[in-house]
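Encoded as structure tokens, the structure appears first; notes follow it.
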Amino acid sequence: MMRFADLDRLVAPRSIMIVGASTTPGSLGHTTVENVIEHSDFAGDTYLVNPRGGEHKGRPLYPDIDSVPGRDIDVALILVPAESALDALRRCADKGVGTAVVFTGGFAEAGAEGRAAEQAMRELARTSGMRIYGPNCAGLTSLSPRLGLTFSTEFRNDGAGGPLALVTQGGGLGRSLMQGSDRGVHFGRWFSTGNEVDLDSADFMAWLAGRDDVRAICVVVEGIKDGERFIAAVQAAHRSRKPVVVLKVGRSAFGARAAQSHTASLAGEDAVNEAVFKQYGVIRVDDLDEMLDVASLLARAGGKPFRRVCVYSSSGGAGVLAADMIGAAGLEMASLSPGTVSAMAKHAPSYAALTNPVDLTTKALTDTALAKRCLEPLFSDPGIDAVLYPITSNYAATTEASVRNLMDVAGRAPIPFVPVWMSSRRGPAHELLIEAGYPPIYSLRNALRAMARCDAYHRAPLDELARAPISAPPAPPAQGPWNEAQAKALFARHGLRVPRETIATTPQEAANAARELGFPVVLKLLADGVQHKSDVGGVALNLSDEAEVARAFERIMGNAARHGIHPASIRGVLVGEMIREGIETLVGIHRDPVFGPILSFGAGGITVEILADVARCRLPADRRTFEAIVNDTRVGKLLAPHRGRPGHDRDALLDAIEKTASLFLSLGDGVQALEINPLTVLEQGKGVVALDGVIH
């Protein structure tokens, strides 16, 4: 079981020491003191440290940390320059501080000297038991009760808290999300983690997972340092039925470089991040607006479904536009039950549209009783998961009345109500929605994307995901590297079918081997370190007689010499049976520096880079996961029968993927990559064949 930090002393301290407290208005040290003393609900002991001494806000300024009375202070806030921070931390550790929050920047993100300082901090945390939060962070904000362990001047303006929690590495994006309270999205706690030399995002996620007052956890990461800890924290959230929403910045090559310079974090290959998030039930979003939209739905609907959507609108055009987008988002237009339609028909005008989309016409805007009598059966229909309400225009009091009707009914309904404010003009109805806890989303596209994200979470097998093993049993490192013949021999020992093949070192040996195997045959260069044999003219296909085989042998050897392949590395050629039928796929595994073993499946052969038809998952994984990644590829869809063409052996393919994954994990950490390309899938019942393979 993964161990995470106990953050109780940090989040509910009895004593706080501010190292770098200042009497200068506008300085970080001054703002931090104000946040703790004046803007927090903190009644414990506060110690201020400033080498000038004196007094500030009725409290003594101690000249150094050693002068502060008492020991076992819960939290120390460090605002001294980078060159003094390590000494301050050592003195805090000697004083028995529980957690030191280092606001100061200029460490790993600034170069080698800063990285060395961070390593010293990491070692200090390990040997002393004092936890270090940061450096280069914006600290902790809690709104219920209020506690501002931060230098932000905006803490005093943060409004009421809510059921959402926020973890960000950077401060700027986190502050932007916190100000989402102005549009009705309320975060009750925010942890800005910075460079994470000790405490990392996973520690805060796992702690939040255990809080009864948290409904969903939103995370902004620039880099994940320890993939297993991150996944274990997500699993802790699943056990508590708390969705985890992640915005991963640094997706592009440029973005990854920017993340490196900002927080000195490893951004990771984004395709791997995407696969891991999907595999473990993380809700991934693409920008801050989408995070606020998804968070707003989770805050009031939790893990409820959003699959079957009913559109209610007084605008026919908005209803049709919404219907178009529902399908594009992968959701469904709900079918209203006959009982619902007949109940609405008793009160609605004869010209109202009572199928989905529902349009009660402008009469419902002015007739409050009519609207309620029609909406109540609509919101009770068991065939509807959510009601989408596009508000196209602001008609002041008329729009406000309509919104009040909807909220009155929705407040008692078992399904979510999702208002979409489409007008650029705000008004009293807009503010009413926010005040009543129904923060509007600002476009149909955004609303339906958010609903689709939440619905996917609802449908994820959370219990299975929470129990899934995240690391394989340790295995002794295998000795390599392996050339193709050696790799295939290993595949065969682990139950994978390989072609009948023979190694030949002369043209005559190749011709004799071909005759014994039976024509046609294939010849392939066998040379240490040469993975892409076709790139160097090292492959000859469909050879139909001995003379053709001998000529192909000479041609392959000549090509090898022209490409500068050292003769000592050449082991000969592989003479193998020619398998012409089947669908070529690829199964590859590489060791990602963040998440460990990643399995890739997709279209194989020489066009793999061109087609880029690949899906991925992290190992260890079960057959359900392997089935999912096969389904995510175009080549996976080719396996099914189509228009009289027979199907291909999907079950054998899945068996082969399982065996390949097991083989890789059994080889230990010394093996960095394994690839079978192509793994040819034959017709149903005939199995699969690993035609080529490398291990290194």
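The values are calculated or read from the model by the stated rules, or taken from the named source; none is laboratory data. Only a predicted model underlies this, so the values are computations on that prediction, with no experimental measurement involved. Every residue, glycine among them, receives a Cβ derived from its backbone with ideal geometry; neighbour counts consider all protein chains shown. The protein model used for the area step is the full one, side chains on, heavy atoms only, and it has no ligands, DNA or RNA in it. Shrake-Rupley method; radii C 1.70, N 1.55, O 1.52, S 1.80 Å.
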Self-check item: Long-range amide H partners of VAL219 with built H, under 5 Å
Solution: VAL167, VAL245, VAL246, LEU247
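Sequence gap at least 6, Cα distance under 8 Å: using those rules, report the relative contact order of segment 1-117 to the nearest whole percent.
On the way: 188 pairs, mean separation 28.1, N = 117.
Contact order relative to length: 24 percent.
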Practice problem: Mind putting a number on the dipole of segment 572-696 about its Cα centre? Charges go on the C-beta only, +1 for Lys and Arg and -1 for Asp and Glu, and I need it in Debye to the nearest 20. | Solution: 320
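Looking at the calculated P(r) for the chain, what percent of the C-alpha pair distances fall above 40 Å? Intermediate values should be presented prior to the final figure.
Numbers: 116019 of 241860 pairs.
Tail fraction, whole percent: 48.
Assign one of three labels to segment 296-436, namely rounded, prolate or oblate, based on the Cα gyration tensor with a ≥ b ≥ c the square roots of its eigenvalues; rounded applies when a/c is under 1.5, prolate when it is not and a/b is larger than b/c, and oblate otherwise.
Numbers: a/c = 1.31, a/b = 1.05, b/c = 1.25.
It comes out rounded by the Cα gyration axes.
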Quiz item: Going from most exposed to least, what order do VAL245, VAL536 have by accessible area with a 1.4 Å probe?
Solution: VAL536, VAL245
Self-check item: Area of VAL320 that stays accessible when all protein chains are in place (1.4 Å probe, Å², to 10)
Solution: 90
Quiz item: Accessible area per residue of segment 442-524 at 1.4 Å probe, in Å²?
Solution: 51
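Helix-derived [θ] at 222 nm for the chain: sum -39500 (n - 2.57) over DSSP H runs of at least 4, divide by residue count, nearest 500?
Details: 25 runs with 262 residues, N = 696.
Result for the chain: -11000 deg cm²/dmol, rounded to the nearest 500.
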Quiz item: Along segment 406-412, what does the Karplus equation 6.51 cos²θ - 1.76 cosθ + 1.60 (θ = phi - 60°) give for ³J(HN,Hα), rounded to whole Hz, x for Gly and Pro?
Solution: 5, 5, 4, 6, 4, x, 9
Quiz item: In the full protein assembly as shown, how much of GLU584 is accessible to a 1.4 Å probe, in Å² to the nearest 10?
Solution: 90
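If you build the convex hull over the alpha carbons only and average its shadow over all orientations, what do you get for segment 59-194? Give it in nm² to one decimal. Provide the component values of the computation, followed by the final result.
Details: hull surface 35.6 nm².
Averaging across all directions leaves 8.9 nm² for the Cα convex hull.
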Quiz item: When the Cα centres of segment 526-559 and segment 79-118 are compared, how far apart do they sit, in Å?
Solution: 61
Exercise. For segment 1-73 and segment 661-688, write down the distance between their C-alpha centroids in whole Å.
Key: 57
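State whether segment 110-162 is rounded, prolate or oblate according to the following rule on the C-alpha gyration tensor (a ≥ b ≥ c being the square roots of its eigenvalues): a/c under 1.5 gives rounded; otherwise a/b larger than b/c gives prolate, and the remaining case gives oblate.
Working: a/c = 4.96, a/b = 2.07, b/c = 2.39.
Oblate shape, in that a/c is at least 1.5 and b/c is the bigger or equal ratio.
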Quiz item: Taking θ as phi - 60°, what are the ³J(HN,Hα) couplings along segment 460-467 by the Karplus curve (6.51, -1.76, 1.60), each to the nearest whole Hz, with x for Gly and Pro?
Solution: 5, x, 4, 4, 5, 5, 5, 9
Practice problem: Tally up the carbon and sulfur contribution to the accessible surface of the chain as a whole percent, 1.4 Å probe, everything protein left in place. | Solution: 51
Quiz item: How much of HIS696 can a 1.4 Å solvent probe reach, expressed as accessible area in Å² and rounded to 10?
Solution: 90
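Could you tell me the relative contact order of the chain? Use alpha-carbon pairs under 8 Å, at least six residues apart, and round to a whole percent.
Values: 1469 pairs, mean separation 59.9, N = 696.
Rounded, it is 9 percent for the chain.
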